[in-house]
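The values are calculated or read from the model by the stated rules, or taken from the named source; none is laboratory data. This one's a predicted model, so the numbers in the text were calculated from it and none came from an experiment. Note that each Cβ is placed from the backbone with ideal geometry, even for glycine, and that neighbours are counted across all protein chains shown. To get the accessible areas, we keep the full protein, side chains included, count just its heavy atoms, and leave off ligands, DNA and RNA. Shrake-Rupley method; radii C 1.70, N 1.55, O 1.52, S 1.80 Å.
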Amino acid sequence: KGINTSNYNPSDEFWEYYYNNGQLESTGKYFTNLKDGLWKYYYENGNQESYGYYIINDVPTKEVVKNGPWKYYYDNGKLKEEGEYYYSNKYGKWNFYNTKGKLSKKVHNMDNPNEDYESYSYYPEGQLKSKKIFLNSKKNGLWEYYYPNGNIGVKESWKNNELIDKKCFKEKNG
């Protein structure tokens with residue numbers, strides 16, 4: 001159920017949508033009947049689900065695309081992921097979090113197959129778990145995997161998705 005909160009043309013103004021229980025579901029603005037600008041979404045329990053920006057892409061046809069910064073949350077209110085979109089494609093640096101709000105993964109140049117990027121993953125308590133490098137979306141360079149205590153566990157050398165060398169290390173205390 002939507003409610004236009006302005007006194008102007010209902011197709012060009014701010015709207016609020018509500019769940020059947022009366023809880024706010026989403027808020028945002030329309031321009032010529034298309035989502036435009038900042039939109040916020042909420043879970044039925046009232047916690048924020050996500051927020052970010054839409055733009056109207058006129059080429060080749062009018063369509064709404066995510067563009068700019070977006071944040072997503074778990075239903076417990078903790079941050080789930082954050083990053084930017086460029087014409088509805090995840091772009092640039094994205095951070096991912098576990099349900100406790102701790103960083104679990106970082107990716108640079110996310111979902112951009114023609115670019116190089118790095119990926120980092122983390123244990124639930126925040127310690128570095130792995131570092132990976134991709135060139136043209138292929139495994140390349142030194143990949144490292146760590147034990148929860150921070151010591152190196154595995155080192156792999158990659159070139160164009162081919163494993164060149166692998167070294168494993170025993171876990172040491174502290």
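Mind listing just one residue for me: the one in the range 51-100 that is in contact with a Phe, Trp or Tyr (Cβ under 6 Å, 6 or more places away or on another chain) and part of a loop (DSSP other than H, G, I, E, B) and, of those, surrounded by the fewest Cβ atoms within 10 Å (Cβ to Cβ)?
If we take residues in the range 51-100 being in contact with a Phe, Trp or Tyr (Cβ under 6 Å, 6 or more places away or on another chain) and part of a loop (DSSP other than H, G, I, E, B), then T99 is surrounded by the fewest Cβ atoms within 10 Å (Cβ to Cβ).
So E115 ticks every box in (1) in a strand (DSSP E or B); (2) open to solvent by less than 80 Å² (accessible area, probe 1.4 Å); (3) farther than 30 Å from Y42 by Cβ but one. Which box is left unticked?
Every condition holds for E115 apart from (1).
Does any residue in the range 121-143 that is farther than 23 Å from N161 by Cβ and assigned to a loop (DSSP other than H, G, I, E, B) come within less than 8 Å, Cβ to Cβ, of a residue that is among the polar types (S, T, N, Q) and open to solvent by 40 Å² or more (accessible area, probe 1.4 Å) six or more places away or on a different chain, and which pairs are these?
Q127/N149
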